[in-house]
Amino acid sequence: MKLTTEQIKSILAGAEESLRLLQSQPEYQAIENSDDFTTENDLVLGDAIQSLSEIYQAIVESELAF
């Protein structure tokens, strides 16, 4: 299956929005704020959101360069 650039951007934007929604939920906030919550690289959901945003922006900027 081959995706268009617009489809890729749509997937990235949708994933970012879904993660923002998840991040705003009190249930998730309680998990992330727990002393037992750790990740190998001390990453949190906000890091994933930021990464998706940066990738999306890099695609947009690369489109403008063409």
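Residues of segment 23-55 being of a type in the set (Val, Ile, Thr), open to solvent by less than 90 Å² (accessible area, probe 1.4 Å) and part of a loop (DSSP other than H, G, I, E, B), which ones?
The answer is THR39, VAL44.
Exactly one condition in (1) surrounded by 12 or more Cβ atoms within 10 Å (Cβ to Cβ); (2) of a type in the set (Lys, Arg); (3) not in a helix (DSSP H, G or I) is not met by LYS2; state its number.
The one condition LYS2 does not meet is (1).
Just checking, does segment 35-44 include any residue being in contact with a helix residue (DSSP H, G or I) (Cβ under 7 Å, 6 or more places away or on another chain), under 23 Å from GLU63 (Cβ atoms) and of a type outside the set (A, V, I, L, M)?
Checking segment 35-44: not a single residue is in contact with a helix residue (DSSP H, G or I) (Cβ under 7 Å, 6 or more places away or on another chain), under 23 Å from GLU63 (Cβ atoms) and of a type outside the set (A, V, I, L, M).
Got a number for residues in segment 21-36 being among the acidic types (Asp, Glu), under 16 Å from GLN50 (Cβ atoms) and without any contact (Cβ under 8 Å) to a residue 12 or more places away in the chain?
The total comes to 0.
The values are calculated or read from the model by the stated rules, or taken from the named source; none is laboratory data. None of the values given here were measured: they were computed from a predicted structure. Cβ coordinates were reconstructed from backbone atoms using ideal geometry, including for glycine residues, and neighbour counts include every protein chain displayed. In case anyone asks, the SASA skips ligands and DNA or RNA and just uses the protein heavy atoms, side chains included. Shrake-Rupley method; radii C 1.70, N 1.55, O 1.52, S 1.80 Å.
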